[in-house]
There are 2 protein chains.
Amino acid sequence: MIGIDLQNRKPIYEQIVERFQTLIVSGVLEPDSQMPSVRSLAMELSINPNTIQKAYAALEQEGYIYPVKGRGNFVSGNEGLKQKKQDSVFASLKELVAKGKELKIPCNAFVERARTFYQEGEEQRV
Amino acid sequence: MIGIDLQNRKPIYEQIVERFQTLIVSGVLEPDSQMPSVRSLAMELSINPNTIQKAYAALEQEGYIYPVKGRGNFVSGNEGLKQKKQDSVFASLKELVAKGKELKIPCNAFVERARTFYQEGEEQRV
DNA sequence: CTAAGTGTACTATCAGTGTTAGTACACTTA
DNA sequence: TAAGTGTACTAACACTGATAGTACACTTAG
């Protein structure tokens, strides 16, 4: 479900944060459902519990999860987070478009490529 | 012309590399024109000459510039680099689209937003 | 009540990397 | 000849991510 990439230059704890953000916002993890425990997830991913804790602390600080002492961490039901997360994608898109313009990639070429990527992997309906 | 962001988590030398890649590929810096000297650019940006050298070494390794002993570094006239640089933008776009799909951003919303970003800052023709 | 599992906090240490500092040498050119 | 150029090298520093180990309070199942 999670899966981390040790080659990636992005820190492990950030990968975990982003992965859970997506899972929560997209509804895969339902509100009030329990998160994996710090120790169990650390075992599963073969990394240090402190690293998981760092990720969970960030997720809590951002409102994605809430902790219950002695019981565990649970998914928060904050609706606004989805918009926020989508906005960050659009912010990245804006930067990428700026790069594209600098490199003189035509608008249509860029836009149509995006559309193609969107359609890739979808079911073919005959 | 260059301008670096010390707040950015991307290393200084990489910022310099990417900036020059864009300037070269977009034609702002013409083939065989002289690059700023290692020491002068270091002075201008108030950073260490070693950092500039690291950036130049990368640019040379990638074929963007070529060195002439005792004279300086010069812009290479490699045509293939433009395509390569554009491809990297498309690769980033592919990843971003994947994120967008996970967050259930509709294809049209994504694509139209890209188009809007492209049109922003362009001259209004009345 | 007890034991196991939970979050949380803390210190210490290690490893990698980006950056700086300083020096040195060969080359080209005015 | 002197100044400017690239290039190479070592050393040191700072920051950050990650690990290791310990400790304590809490909840829950037995």
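Please work out if A:ASP32 is under 25 Å from B:ILE105 (Cβ atoms) and more than 12 Å from the chain's Cα centre (by Cα). In short, no. From the list A:VAL68, A:VAL89, A:VAL75, the one residue that fits, being free of Cβ contacts under 8 Å to residues at least 40 places away in the same chain, in contact with a strand residue (DSSP E or B) (Cβ under 8 Å, 6 or more places away or on another chain) and among the aliphatic types (A, V, I, L, M), is A:VAL68. Of the helices (runs of 4 or more DSSP H) that lie entirely inside the stretch B:9-126, those containing 1 or more residues that are within 14 Å of chain A (Cβ to nearest Cβ) and either more than 13 Å from DNA strand D (Cβ to nearest atom) or of a type in the set (A, V, I, L, M, F, W, C) (or both) span B:12-25, B:80-102, B:107-119.
A quick yes/no check of all residues on (1) in contact with a helix residue (DSSP H, G or I) (Cβ under 7 Å, 6 or more places away or on another chain); (2) within 16 Å of DNA strand C (Cβ to nearest atom); (3) not aliphatic (A, V, I, L, M):
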site: B:MET43; (1), (2), (3): no, yes, no
site: B:SER46; (1), (2), (3): no, yes, yes
site: B:PRO49; (1), (2), (3): yes, yes, yes
site: B:TYR66; (1), (2), (3): yes, yes, yes
site: B:VAL75; (1), (2), (3): yes, no, no
site: B:GLU95; (1), (2), (3): no, no, yes
site: B:GLY100; (1), (2), (3): yes, no, yes
site: B:PRO106; (1), (2), (3): no, no, yes
site: B:VAL111; (1), (2), (3): yes, no, no
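Laboratory data are not the source of any read-out in this text; all were calculated from the coordinates shown. Model, not experiment: these values are computed from the prediction. Positions of Cβ are generated from backbone atoms using ideal geometry, with glycine treated the same way; all protein chains shown enter the neighbour counts.
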